[in-house]
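Below is one structure; the comments refer to it alone.
Bear in mind that the values in this text are calculations on the coordinates, not laboratory data. It should be emphasised that the depicted structure is a prediction, and the values quoted were computed from it without experimental measurement. FYI the Cβ positions are ideal-geometry reconstructions off the backbone, even for glycines, and counts take in every protein chain you see.
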Amino acid sequence: MQIIEERDNWQKKYDNWNRSHGAVDEIDKSYRLVKNTHAPFTPAHRALSMTNLALVSSAGAYIDGTDSFDVKLPGGDVTFREIPSDIDPADLKFSARGYDPVYVSQDFNVQLPLKRLFEFEANRIIGQLNSTFWSFCGFIPDAGRLVEEMLPKLVERLHRYEVQNALFIPASRLCHQSTALAARAVEQSGIATMMLAVDREVAEATRPPRAGLYRGQIGSVAGRPNWPEHQRRVLDEALRWIEPMGTPGIRPLVAELESQVEKARGER
C-alpha cells in the first residue's frame, strides 16, 4: 500500500502550489492535502500493559545547544531528532512552525506528554515508555520528500528499539498530515500505531491507521496545559483503543465531553 495514494497526481498539485507560495507559515485552502482512501493496519500483538511504547512528536522539540529545525525551508525540514525520554524538560527547546508555542511554553506535556506517559508506566497502563522518543518539525508541505527521505529512517529506528506500539502527536494543522503519513509508514512496517487528532478534515483526508479525535486545540493536542487530569484522559482513552480496534478508523474520544461536564460542575 502506498503512503501517498496517487502520488504523481498529488505531486503535480503540490508543485503548482509551491511555485506560487514558496515559504509560508500557514496553509490555506489553496494547498492540496494528501487524500488517501485506504489505510494500512497491523493488529496489536501485545496487551498495552506489556508493550514498549514509542512517542513521536511533530512539535519540533530539540535539545538546547544542538541544531534546531530549519523553519524557513519552503518544503519543510525532513530531519528528525532522537532524544532521551528521561531528559530534563528545561533542556528542551521547540522549533514552532504552523502553531502558536504559547501552550507548550506553559506546559510541555501538551505536545510532549513524557510526564504523563511515565505515570502510565508506573501505574502499569503501558509496559514501558521507550528510552528515547522521536521529534520532528511537522510543518512539511512537501509530503513527497517526507515519505522518501525521512520516514524510512524513522521506521528503521523504531524497529532498532524493538517498539511494539507508537503514539503520534501532531502540533499544527499541517502536522496532522505529516504525522498521519508517518503513522501509515510505521504501521505498514508491522508496528501498531495511534495518532491523536484535533483536526477532523486533515485526519479524514490523510487516513492514519488509528486516530483518536476530539475537539481540542492546535498546539495543545495532548490535552489542556496545566490540567494533568485532562491530559491523562485524552492519552489513556486513545492508547486503550490500540488493542481492541480490528480495522483502521478514526474514533471520537469522550475525554472532552467529560471535561466539559466537570467544568460546568465547578470541578475545574
*asked:* How are the alpha carbon pair distances in the range 6-132 distributed across 10 Å bins from zero to the largest one, expressed in percent?
replied: 10, 30, 30, 25, 6, 0
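Within a 10 angstrom radius of the beta carbon, how do THR132, THR66, THR193 rank from fewest other beta carbons to most?
Starting with the residue having the fewest Cβ neighbours, the order is THR66, THR132, THR193.
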*Considering the alpha-carbon set of the chain alone, what are its Rg and its Dmax in angstrom?*
17.3, 53
*Which whole-number value in Å³ per residue fits the convex hull of the alpha carbons of the range 116-268?*
113 Å³
*Taking Cα centroids, how far is the range 53-130 from the range 227-241 in Å?*
17 Å
*Volume per residue of the C-alpha convex hull in the range 65-168, rounded to whole Å³*: 111 Å³
*Treating the beta-carbon of each Lys and Arg as +1 and of each Asp and Glu as -1, no other charges, what is the dipole magnitude of the chain about its Cα centre, to the nearest 20 debye?*
560 debye
*Rounded to the nearest 500, what is the chain's calculated 222 nm mean residue ellipticity when only DSSP H runs of at least 4 contribute -39500 (n - 2.57) each, over all residues?*
-9500 deg cm²/dmol
*Once you charge only the Cβ atoms, +1 for Lys and Arg and -1 for Asp and Glu, what is the size of the charge dipole of the range 1-131 about its Cα centre, to the nearest 20 debye?*
540 debye
*Compute the signed sum of charges (Lys and Arg +1, Asp and Glu -1) over the other residues within less than 13 Å, Cβ to Cβ, of GLU162.*
+2
*Alpha-carbon radius of gyration plus Dmax, which is the widest Cα pair, for the range 99-143 in Å*: 13.5, 40
*DSSP-defined beta bridges in the chain - what % are antiparallel, rounded to 5*: 35 percent
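How many lysine pairs are close in the range 38-264, with Cα atoms under 27 Å apart and the two 8 or more places apart or on different chains?
Working: LYS72/LYS93; LYS72/LYS153; LYS93/LYS115; LYS93/LYS153; LYS115/LYS153; LYS115/LYS263.
Number of lysine pairs found: 6.
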